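The structure appears right after this line, and notes come after that.
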Amino acid sequence: MSSSRSVLRVWSLALALSAVLAAAAERWPEPLPIRPAVVWALVLLPPLAMALVLLADWSLPPQPAPAERDASPATERLSGQEGESNDSDWEKG
């Protein structure tokens, strides 16, 4: 739930910045010179901020304990210690 609030805050900030810039453009007495660095910053910073917020709140699923990982069927097949497996039913037809 906290990530959705963080995302909402970042989007609100980006929307407010956009509104301020649009209002300033309407009242500015002369056209502003285009500065590529400023344009790129305004284009890239909001998505980068969003990505940082999402990455900060991102969590991976919990990893199984080492004992459970060692006893998994995939590990047994790879190590050749499978004994009776589900594949033997398929081989019998």
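Please treat every number below as a calculation from the coordinates, not as lab data. Remember, it's a predicted structure, so these values are computed and weren't measured experimentally. Ideal geometry is used to build each Cβ from the backbone, glycine not excepted, and the neighbour counts take in all protein chains shown.
Brief remarks follow.
- With the simple model of a label 7 Å out from the Cα in the direction of the Cβ, Leu54 to Trp28 spans 3.0 nm.
- Extension gain from Leu42 to Leu13, taking 0.36 nm per residue of separation minus the Cα-Cα distance: 9.2 nm
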